[in-house]
1. Among 63-70, 149-156, 14-21, how do they line up by average Cβ neighbours within 10 Å per residue, starting with the highest?
2. Sticking with the crude label model, points 7 Å out along Cα→Cβ, report the distance from Leu42 to Asn20 in nm, one decimal please.
3. Taking the Cβ-Cβ separation of Ala118 and Arg163 as r and a Förster radius of 30 Å, what is the calculated FRET efficiency to the nearest 0.05?
4. Amide H to amide H, which residues 5 or more places from Ser68 or on other chains are under 5 Å from it, using H placed in the peptide plane?
5. Once you have the Cα-Cα distance between Asp32 and Glu126, take 0.36 nm times their residue separation minus that, and quote the gain in nm to one decimal.
6. If you stretched the chain out fully between Glu103 and Gln147, how much longer would it get, using 0.36 nm times the residue separation minus the C-alpha to C-alpha distance?
7. So, taking all protein chains as they sit and a 1.4 Å probe, how much accessible area belongs to Arg107, in Å² rounded to tens?
Amino acid sequence: VDLDCRGHYSPHYIMDALINLYVVLMRLGWFDGSPGNNYLNLGKNDVCSEQHLQLAAEAARQGIVLLSNDNALPLPLTYSGGRKPTMQQLYLWDWPDLSFEDENSDRSNLYLPTNQMALLDMLVSEPSTSIIIIVVLSAGGIEWSNQVHAIHWAGYPGAEGGRSSNS
């Protein structure tokens, strides 16, 4: 294999990565005749069974990280005297598009795209919003302003990520 990694990775490191890749391919049966033959007949009931959905939800829950919390979480579930809360919580679900983050290019900075930063600035300046909680769906780090009260990083949480993020 002739790879130009610009000195970032040693040949030993690359060989270990390739071994791991081929071990997974062997476990999947890709070298047992027809590649992926064991998976050709799987349908929705096989892939979306209750057991698999529960496993996807648990994997998403375990991968979610609370990066910052300025006394915004956990949210109160009950209120004394049956009164409504006096604060307004705002959840901003944010995920960069492919112009910002993809497999084939490096980002030039850690800031959100301009339009998403403008949205956040507008929400922060809204007087009726007292608590802003950001849920980030991104593979990489993102620089946030001090104006948010909690940052909930979920990465790319998969099929059950939305439901897991809410819990």
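The values are calculated or read from the model by the stated rules, or taken from the named source; none is laboratory data. Bear in mind the structure is a predicted one, so any value in this text is a computation, not a measurement. Note that each Cβ is placed from the backbone with ideal geometry, even for glycine, and that neighbours are counted across all protein chains shown. SASA here: full protein model, heavy atoms, side chains in, ligands and nucleic acids out. Shrake-Rupley method; radii C 1.70, N 1.55, O 1.52, S 1.80 Å.
1. Put in order of decreasing packing, that is 149-156, 63-70, 14-21.
2. 2.1 nm
3. The formula returns an efficiency of 0.55 here.
4. The list, which skips near neighbours in sequence, is Ile151.
5. 27.8 nm
6. Values: separation 44, 0.36 × 44 = 15.84 nm, distance 3.01 nm.
Stretched fully, the Glu103-Gln147 segment lengthens by 12.8 nm.
7. 70 Å²
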